[in-house]
Amino acid sequence: MAAHTGAGNTDDMADGTAEGRPDGAARRDDAVRAAVERGLVSPAAPLVGLLDTVGIRASAAALRAAFDAVAAPGTAVLHAFAVKATPLVPVLRLLHREGIGMEVASPGELALARAAGVPPARTVLDSPAKTPSELREALALGIAVNADNPQELTRLDALVRSTSTRSPLGLRVNPQIGGGSIGALSTATATSKFGVALRDEGAREWVVRAYLDRPWLTRLHTHSGSQGMPLELMARGVAEVYGLAEEINGRAGHRRVDTLDIGGGLPVNFGSDAHTPTYGEYARLLAATVPGLFDGRYGLVTEFGRSLLAKHGTVLARVEYAKSAGGRAIAVTHAGVQVATRTVYAPRSWPLRVAAYDAGGRPRTGPDVVQDVAGPACFAGDLLAEGRSMPSLGQGDHAAVLDTGAYYFAHHYGYNSLARPGVYGFGPDGAGGVRFAVVRTAQTPDEIVAESGGAHVEALTWR
Ligand SMILES: *Cc1c(COP(=O)(O)O)cnc(C)c1O
């Protein structure tokens, strides 16, 4: 069992299910007020991202505690954060300091993990399209690699023959257990592009042979969860992979597969401040569905992304104008498609809560008004919320877009050449106040010009 330290049970803390106002909401209110008072958000800087360091720490602790509680003592467990969820170096560094490794899926993500000081032994490389040089670099560094398909396994064959490496090597399989409610995020459908499709004709036998023929192939990987996926289906995917490992090891006559990488994909509750489902629930469901997973025979790797960070991020935007059209109130803010791309393009799949704060950064009270919360981009659909009933947002007020710590402001979309906002982490200052730290500075117009071919201004004018 993991020891709980500090303010009570970490699982419950991260759950935010305490009586009354959840801790995360209280910390957010304090941070919004302080950000306004100190000018982090202002008429000149009308958009920022905020990250709750206390919440991030609590979620990391809850994840570790959840698996410690069900795994046999001494089981090697690496929780590798899916860097794509929040690719910001200080965030990776914080998670590393909290005992979390990294899952990377591109040369850029690997560079971020290395810049954060994460050692190769705590890094895992997955991706469906690794180049030969990426594979070579990973093996030279000793980073764990999960091959996606037979062609990639052939590349690994050649590399393993020609170099010596400490990299643990595995193969990704798709248990084809079916998708969740969001098609674009469902990784375990019959025709998903990821991994070796286990139920296809002859595939299972091919996979078993691939392991029997390769003494260095010691890991088995799947990532079947995602937003919109029921936990029971995720656990069934893990059970399929566990069964395959048992079959391989039975036929090999020894423990050929020694580590199971069960992926990430715990869904996040975007409807309230409650952290549900919890890591504890998922770990207990896994233990009940796949008891052998935790009996100490297998090392484990997890790859959670969204569930570690989503609830700890807030987009804070000034309301530039408040207007009305056709009887509909519209708050025109600085947060739109550039920081909430998925929500703007697929609002039904990705609804976000918007909290209203006044010009001084205090929670807005007052009667609910049906209104649109709009972004700054020049297309009609750039809306964060449509017909939302909430306290009326006036000019100079602030709209806070909640649960945006993963896949939102860290994933800037350059529509209208809108600048990447600054990102600040916040936490207690030790004297009852809020301390801020710069995570990323705001992009400047000069940087936008430089990134948009500014150095090649005459490049196309030849004749
Ligand atoms: C995206 C991804 C994850 C993380 O998924 P979340 O839904 O953010 O937890 C983990 N593993 C792989 C292979 C991924 O592609």
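What to note about this one:
- Charged-residue dipole, Cβ positions (Lys, Arg, Asp, Glu), segment 55-309 about Cα centre, Debye nearest 20: 520
- Multiplying the residue separation of ARG297 and ASP446 by 0.36 nm and removing their Cα-Cα distance gives an extension gain of 48.1 nm.
- With each label modelled as a point 7 angstrom along the Cα→C-beta vector, the ALA76-THR461 pair spans 6.0 nm.
- Long-range HN-HN contacts of VAL301 with modeled amide H, under 5 Å: LEU78, LEU260, ASP261, ILE262
- Ordering GLY336, GLY326, ALA346 by the projection of their Cα atoms onto the charge dipole of segment 289-357, which places +1 on the Cβ of Lys and Arg and -1 on the Cβ of Asp and Glu, puts GLY326 at the extreme positive end.
- Rounded to whole Å, sorted largest first: equivalent-ellipsoid semi-axes of the chain, Cα gyration tensor: 41, 26, 21
- The packing ranking of peptides 399-412, 325-338, highest mean first, is 399-412, 325-338, where packing means the average number of other beta carbon atoms within 10 angstrom of each residue.
- Geometric descriptor of segment 122-236, per residue, is 108 Å³ (volume of the convex hull of the Cα atoms).
- Estimated vicinal HN-Hα couplings, Hz - segment 299-304 in sequence order (Karplus 6.51, -1.76, 1.60; Gly, Pro = x): x, 10, 10, 10, 9, 7
- Residue among SER167, LEU309, GLY387 farthest towards the positive dipole end of the chain, charges placed on Cβ: SER167
- Phi angles across segment 340-345 convert, under the Karplus curve 6.51 cos²θ - 1.76 cosθ + 1.60 with θ = phi - 60°, into 3J(HN,Hα) values of 9, 4, 4, 5, 5, 7 Hz, Gly and Pro given as x.
- Close amide H contacts of ILE330 (hydrogens built in the peptide plane, cut-off under 5 Å, sequence separation of 5 or more or a different chain): LYS323, SER324, ALA325, ASP372.
- Calculated FRET value between ALA431 and ARG255, using beta carbons and R₀ = 35 Å, to 0.05: 0.05
- Each label was represented as a point 7 Å from its Cα along the Cα-to-Cβ direction; for ALA129 and LYS193 these points are 0.6 nm apart.
- Rounded to the nearest 10 degrees, the inclination of helix 23-37 to the longest alpha-carbon principal axis of the chain is 50 degrees.
- Each of THR276, THR191 has some number of other Cβ atoms within 10 Å of its Cβ, and from fewest to most they run THR191, THR276.
- Cβ-placed point charges (K, R +1; D, E -1), dipole of the chain about Cα centre in debye, nearest 20: 520
- Proximal aspartates and glutamates relative to LYS84, as straight alpha-carbon distance under 18 Å, when same-chain residues fewer than 8 apart are discounted: GLU103, GLU109, ASP126, GLU134, ASP148, ASP261, GLU303, ASP403
- Residues ARG155, ARG28, ARG440 arranged by fewest to most Cβ contacts within 10 Å: ARG155, ARG440, ARG28
- Under a model in which nothing but the beta-carbon of Lys, Arg (+1) and Asp, Glu (-1) is charged, segment 163-247 shows a dipole of about 320 debye around its Cα centre.
- For segment 55-309, averaging the sequence separation of C-alpha pairs within contact (under 8 Å, six or more residues apart) and dividing by the residue count gives a relative contact order of 22 percent.
- Put simply, the amide H of ALA82, placed in the peptide plane, has neighbours under 5 Å in GLU103, PHE304, GLY305, leaving out anything fewer than 5 places away on its chain.
- log₁₀ of I(q)/I(0) at q = 0.07, 0.15, 0.16 Å⁻¹ - segment 55-309, Debye sum with one point per alpha carbon: -0.21, -1.07, -1.24
- HIS456, HIS96 arranged by Cβ crowding within 10 Å, fewest neighbours leading: HIS456, HIS96
- Rg/Rh for segment 357-463, where both radii come from Cα atoms and Rh is the Kirkwood radius: 1.08
- Listed residues GLY264, SER133, GLY183: farthest to the positive end of the dipole of segment 55-309 (Cβ charges): SER133
Each reported figure results from applying straightforward, stated rules to the coordinates on display, with no laboratory input. Keep in mind that this is a model prediction, so the values were computed, not measured. Quick reminder, even Gly has a Cβ in these numbers, built from the backbone with ideal geometry, and neighbours come from all protein chains shown.
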